[in-house]
1. Which residues, taken from segment 79-92, are surrounded by fewer than 23 Cβ atoms within 10 Å (Cβ to Cβ) and either within 22 Å of residue 270 (Cα to Cα) or outside the structural domain of residue 56 (by TED's automatic domain parsing) (or both)?
2. If I filter segment 397-407 for residues that are of a type in the set (S, T, N, Q), surrounded by 13 or more Cβ atoms within 10 Å (Cβ to Cβ), at negative phi and modelled with pLDDT under 80, do I get at least one hit?
3. Restricting to segment 59-110, name every residue that is in a strand (DSSP E or B) and among the small types (Gly, Ala, Ser).
4. I'd like to verify a number: residues in segment 224-246 that are within 26 Å of residue 197 (Cβ to Cβ), of a type in the set (A, V, I, L, M) and surrounded by 13 or more Cβ atoms within 10 Å (Cβ to Cβ), how many?
5. In segment 329-388, what residues are more than 12 Å from the chain's Cα centre (by Cα) and of a type in the set (Val, Ile, Thr)?
6. Given the conditions (1) out of contact with any helix residue (DSSP H, G or I) (no Cβ under 7 Å at 6 or more places or on another chain); (2) closer than 22 Å to residue 396 by Cα; (3) without any contact (Cβ under 8 Å) to a residue 24 or more places away in the chain, report the number of the one that residue 291 does not fulfil.
7. Among the residues in segment 294-311, are any in contact with a Gly (Cβ under 6 Å, 6 or more places away or on another chain), modelled with pLDDT of 90 or more, under 23 Å from residue 204 (Cα atoms) and surrounded by 18 or more Cβ atoms within 10 Å (Cβ to Cβ)?
Amino acid sequence: MEPTRTVPTRSRGRWLLLFGLLVSALTLSGIAASPALADEGGTATPSPTAEEYEYFFSGNVKYNDEPLEGVEISVEGNGFEASTETDADGRWTIGVPEKATYEVTLNEDTLPEGVVVAEGKNTVEAEFGLTSRKAVNFFLGEGQRVTTDIGAQVLIRVVNGLNFGLLLALAAIGLSLIFGTTGLSNFAHAEMITFGALMMLTFGVDLALPVWLALIIALVLSAAFGWTLDAAIWKPLRRRGVALIPLMIVSIGLSLAVRYTYQFFYGGATRQLPGATLPSDIRIGPIALSWIDIVSMATAIVVLLAVAYFLLRTRIGKATRAVSDNAPLAAASGIDVDRVIRIVWVLGGALAGLSGILWAYFRPGVSWDMGFQILLLVFAAVTLGGLGTAFGALVGSLIVGLFVELSTLWLPSDMKYVGALVVLILVLLFRPQGILGRRERIG
């Protein structure tokens, strides 16, 4: 009789992850903004994005009373970003979701040869008054445009990519540890990321506590949130022997339920954490950083080193690695698997909460669906580094973060996340187990 061939749990988990990534990609593909159009009468017709909103920025771009067509204007602030081009009459209009302060920028590279914006005036900080429309004007003149060379641009994006990759790694390591110890592809991890930022907003802004105290409370509550999810949902389902596919479907439903609960209580507006708008006045060559950027990167590095020490040097960390490698064998060796999984959920919740706080400063802004916006990249980093390996998640996150930022040198900013997923696919074609994952034998 021929031996029965079985597929290891982690191999099935890889296909579950890829299936989940496809579902998320199809969901995210419907989120896009369209440029403004000009109607036949010569007035700037709001773009589809603008028509969704009640408030508008508008203006005229002219030089020597001659309208300039095709000049790119962008608006950014409070977690919102959109751009458009001037029409044949030099007019433009961009809608925004709420009354707030935004940065309106004119892209000098789209101006005709020999025409420049007054020095330091290509970006204007604009705020609405009593009306729903705000006019923004730029002062143009003759001159020679100063551009940043390609080497400086690469350096700037490398620093931004490292910053983004480090905060992504905090979330990815937690997700990877949960997958490694339980086999669960947890799509509700996005809401664990959002939870940390919302708690920081609640205690740091709404209750006006000191930032350091609000941070500690947010992290403690994030860890408690992870423990609660495991105790109330995942542990009972594990004891009932629920298979991985139903568990993944439960995580998707939980993600939707929690996400819209956030929206019900916090609303759809994007709000800022304390210090999120500090100027980037720290200059190292062409690189401009704020104190928030420095603290964010330093915090992420210290926490990642602490997690590495925990996994490599402590008894519970070694037990976590053993459970991740082979849970039945670890249980047979006397390791309390349930206790290890509980600790992993607490650690994963704290790391996800910290990642959400740093993401809120990096964007910048806190919104009800901010975790979902980077969920696909977190899964990509985990899969790229190797399923279930914490150090693989770190490597994958740094690669994804760097590629996302560097790709904007060649790709439109709206497509930078797509490029990271293309890299994921290419790597898996040549190394299906991921960069640091181990090749597994089937049968």
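The values are calculated or read from the model by the stated rules, or taken from the named source; none is laboratory data. Quick caveat, the model's predicted, so the values are computed rather than measured. Cβ sites come from the backbone with ideal geometry, for glycine too, and all protein chains shown count toward neighbours.
1. Within segment 79-92, 79, 80, 81, 82, 83 meet the criteria.
2. no
3. Residues satisfying the conditions are 59, 74, 77, 82, 83, 95.
4. Total meeting the criteria: 3.
5. 335, 337, 340, 341, 343, 344, 346, 382, 383
6. Evaluating residue 291 over (1) out of contact with any helix residue (DSSP H, G or I) (no Cβ under 7 Å at 6 or more places or on another chain); (2) closer than 22 Å to residue 396 by Cα; (3) without any contact (Cβ under 8 Å) to a residue 24 or more places away in the chain leaves (2) as the failure.
7. Within segment 294-311 (the criterion being in contact with a Gly (Cβ under 6 Å, 6 or more places away or on another chain), modelled with pLDDT of 90 or more, under 23 Å from residue 204 (Cα atoms) and surrounded by 18 or more Cβ atoms within 10 Å (Cβ to Cβ)), the answer is no, since none of the residues qualifies.
Residue by residue, here is whether (1) closer than 30 Å to residue 323 by Cα; (2) outside the structural domain of residue 77 (by TED's automatic domain parsing); (3) modelled with pLDDT of 95 or more holds:
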| position | (1), (2), (3) |
| --- | --- |
| 200 | no, yes, yes |
| 225 | yes, yes, yes |
| 246 | yes, yes, no |
| 255 | yes, yes, yes |
| 259 | no, yes, yes |
| 268 | no, yes, no |
